[in-house]
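Only the coordinates and a few stated rules stand behind these numbers; no lab work does. None of the values given here were measured: they were computed from a predicted structure. Note that we place each Cβ from the backbone using ideal geometry, even for glycine, and neighbour counts take in every protein chain shown.
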Amino acid sequence: MLLTAHLLTGAFIGKESGSIPIAIFLGLLSHYLLDSIPHNDGPDDGKKIVDGKYSKSQYILVFCDLSLSVLIFCFLFIHGSLNLNVVFGAVGAIIPDLMEQVYFLNNLLMRSIFFKKVLFFHNFIQKNNRVNIYLGLGIQYIISLLFFFLII
Ligand SMILES: [Zn+2]
């Protein structure tokens, strides 16, 4: 799933958790749970990407998703809904994507058999839950809206 859905789910979990370690742990678990819901991560989802060359529409979608996440967290800050539990719940919820998408982190983790298996599991649950792009993005933004209203 895209960043917004993961961050808002983790933020809500953090809000309800009452402690930073629980927020991180449950946020992390929520990532795998959300990724197991049928979804679509954009025009390039499911396509073989050669040399990291994504399509222009994929970059635009990711840029919009990232911008939306920043705007939402600015709003939550101004609204007074951000505290450390919320922030760490959100961070916990994006750890699996950071492990996969941040190049140097991925390189480092791939040296460990344990993390190799964790990364394989992350890929495995995503590959088997792909639906068409409109339904797949719609599901994510419904989840995002739901958790946004539960946080504020
Ligand atoms: Zn993921």
*Expressed as an acute angle from 0 to 90° and rounded to the nearest 10, what is the orientation of the C-alpha long axis of helix 20-35 relative to the principal long axis of the chain?*
40
*Each residue of segment 56-67 in order: what ³J(HN,Hα) in whole Hz does its phi give by Karplus 6.51 cos²θ - 1.76 cosθ + 1.60, θ = phi - 60°, with x for Gly and Pro?*
4, 5, 5, 4, 5, 4, 5, 4, 5, 5, 5, 4
_Theoretical gain in end-to-end length, Ser55 to Phe149 [0.36 nm per residue, Cα-Cα removed]_ = 30.6 nm
_With a cap of 15 neighbouring Cβ atoms within 10 Å, and only residues DSSP puts in a loop, list the trypsin sites (Lys or Arg not before Pro) found in segment 44-132._
Lys47, Lys48, Lys53, Arg111
_Span from the segment 109-152 Cα centroid across to the segment 29-50 one, whole angstrom_ = 5
*If you take the charge dipole of segment 3-151 about its Cα centre, with +1 on Lys and Arg Cβ and -1 on Asp and Glu Cβ, which of Cys74, Leu84, Val50 is farthest toward its positive end?*
Val50
*asked:* Let me confirm the definition first: pairs of Lys residues in the chain, 8 or more apart or on different chains, C-alpha distance under 17 Å. How many are there?
replied: 6
_Rough spin-label spacing in nm, given labels placed 7 Å along Cα→Cβ, for Lys127 and Phe114_ = 2.4
_Potential lengthening between Asn107 and Cys64 on full extension [0.36 nm per residue; Cα-Cα distance subtracted]_ = 12.8 nm
*What shape does the chain have by the C-alpha gyration tensor, where a ≥ b ≥ c are the square roots of the eigenvalues, rounded means a/c under 1.5, and otherwise prolate means a/b greater than b/c and oblate the rest?*
oblate
*Using a cut-off of 13 Å between beta-carbons, work out the net charge of the residues near Leu61 (Lys and Arg +1, Asp and Glu -1, Leu61 not included).*
-3
